[in-house]
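To keep things clear, I will list the structure first and then write my remarks on it.
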Amino acid sequence: DLGNIDTSTSRDELKKLVLVGGDINVATKEMQAFVEEADKVATVMKDDFGGSAEEAVTQIAKLKGEFKETRDLRIDDAMARIGSTLKKLNLDSPASTAEITDFLKRTGQIPDALKPAISQLAAFGAVFAEANLTSEVGASGLSKIITTAANNIAVFAKQMRISNNEAKNLLNTDPSKFVLKFASSLKGLNGVQTANTLKSLRLES
């Protein structure tokens, strides 16, 4: 069936993508569609993964199960959606696909009820990378803000100058907007004020 794929990629390279599909348990009936999409992903993004098509495809395909927007999609559809998001960010940001993918993998551990959409998380990852924060530090910081706020909503609401119910609703319906509003509440504080505020919010790291 590999001969039916319209691509300039060699048959041997396509076979390697079949092996990747096997490693991540792609169903046999979905394998050709997976390889077609994986070939597109690899062509565009492998340079960000050290030139390895297999690594690019493996890392991006593994994100499928981490997000509710992609979890129930066919593997090729999920990769197309994730790849499209990453490609768009690549045009607007110097952050590499590998950096953003690693950030998504780490923030994928945030509980679904508190997790921003994958496109929003990818954008956060790009911004943090531009600020020279590693994906590990950026993901840990964002995750801590969200989970700490969920357990201490009244303190965050006071800092953001909104009611407890408004803070709860914002965190539950749009975690990304909640984080941005929280960040805005810190504007204008000097170093000591910022440190004291973060300490009171249990965000000392």
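Let me check I've understood the local charge: for Glu136, count other residues with C-beta under 12 angstrom from its C-beta, Lys and Arg +1, Asp and Glu -1. What total comes out?
Combined, the nearby Lys, Arg, Asp and Glu give 0.
Over the chain, give the accessible area per residue in Å² for a 1.4 Å probe, as an integer.
Accessible surface, normalised per residue, equals 54 Å².
Below 8 Å, C-alpha to C-alpha, sequence gap of six or more: please give me the relative contact order for the chain in percent.
14 percent
Summarise the accessible area of the range 34-92 (1.4 Å probe, protein heavy atoms) by the percent that is carbon and sulfur.
Looking at the range 34-92 in its full context, I get 43 percent from C and S.
Would you work out which of Gly125, Thr9, Pro94 lies farthest towards the positive end of the dipole of the chain? Charges go on Cβ: Lys and Arg +1, Asp and Glu -1.
Farthest towards the positive end: Gly125.
Can you compute 3J(HN,Hα) from phi for each residue in the range 14-30, using the Karplus curve 6.51 cos²θ - 1.76 cosθ + 1.60 with θ = phi - 60°, rounded to whole Hz and x for Gly and Pro?
After applying 6.51 cos²θ - 1.76 cosθ + 1.60, I find 5, 4, 5, 5, 4, 5, 4, x, x, 5, 9, 6, 6, 5, 4, 5, 9 Hz.
Quick one: 3J(HN,Hα) in Hz for the range 119-132, Karplus 6.51/-1.76/1.60 with θ = phi - 60°, rounded, Gly and Pro as x.
These are the phi-based 3J(HN,Hα) values: 5, 5, 5, 4, 5, 4, x, 5, 5, 5, 5, 5, 8, 6 Hz.
Quick one: which residues, 5 or more positions from Ile5 or on another chain, have an amide H under 5 Å from its amide H? H modelled 1.01 Å from N in the peptide plane, none for Pro or chain starts.
Hits under the 5 Å cutoff: none.
Asp112 accessible area, nearest 10 Å², 1.4 Å probe?
Here the residue's solvent-accessible area equals roughly 60 Å².
If you place +1 on the Cβ of every Lys and Arg and -1 on the Cβ of every Asp and Glu, how big does the dipole about the Cα centre of the range 58-156 come out, in debye to the nearest 20?
Once rounded to the nearest 20, the dipole reads 180 debye.
Looking at this model, which pairs from Lys15/Lys64; Lys29/Lys144; Lys16/Lys177; Lys40/Lys181; Lys105/Lys168; Lys88/Lys144 are more than 30 angstrom apart at the alpha-carbon?
Flagged as over cut-off: Lys29/Lys144; Lys16/Lys177; Lys40/Lys181.
Based on the mean of other Cβ atoms within 10 Å per residue, sort peptides 117-123, 195-201 so the most packed one is first.
Output ranking for 117-123, 195-201: 117-123, 195-201.
Using only the Cα atoms of the chain, construct the convex hull and provide its projected area averaged over every direction, in square nanometres to one decimal.
12.3 nm²
Got a sec? What order do Val155, Val179 fall in by accessible area at 1.4 Å, biggest, i.e. largest, first?
Output order, biggest surface exposure first: Val155, Val179.
I need the shape label for the range 5-111. Rule: rounded when a/c is under 1.5, else prolate if a/b > b/c, else oblate, with a, b, c from the alpha carbon gyration tensor.
oblate
Given axes a ≥ b ≥ c from the Cα gyration tensor, I'd like to know whether the range 67-157 is rounded (a/c under 1.5), prolate (a/b larger than b/c) or oblate.
Oblate is the answer for the range 67-157, as a/c is 1.5 or above yet b/c matches or exceeds a/b.
Between Asn196 and Leu19, how many nm apart are label points set 7 Å from Cα along the C-beta direction?
According to this spin-label approximation, the distance is 6.1 nm.
Taking a ≥ b ≥ c as the square roots of the eigenvalues of the Cα gyration tensor of the range 96-205, is the shape rounded (a/c under 1.5), prolate (a/b larger than b/c) or oblate?
Since a/c reaches 1.5 but b/c is at least a/b, the shape of the range 96-205 is classed as oblate.
The values are calculated or read from the model by the stated rules, or taken from the named source; none is laboratory data. This is a predicted model, so every value here is computed, not measured. Here the Cβ is made from the backbone with ideal geometry for all residues, glycine too, and neighbour counts use every protein chain on show. What goes into the accessible areas is simple: the full protein's heavy atoms, side chains included, and nothing from ligands, DNA or RNA. Shrake-Rupley method; radii C 1.70, N 1.55, O 1.52, S 1.80 Å.
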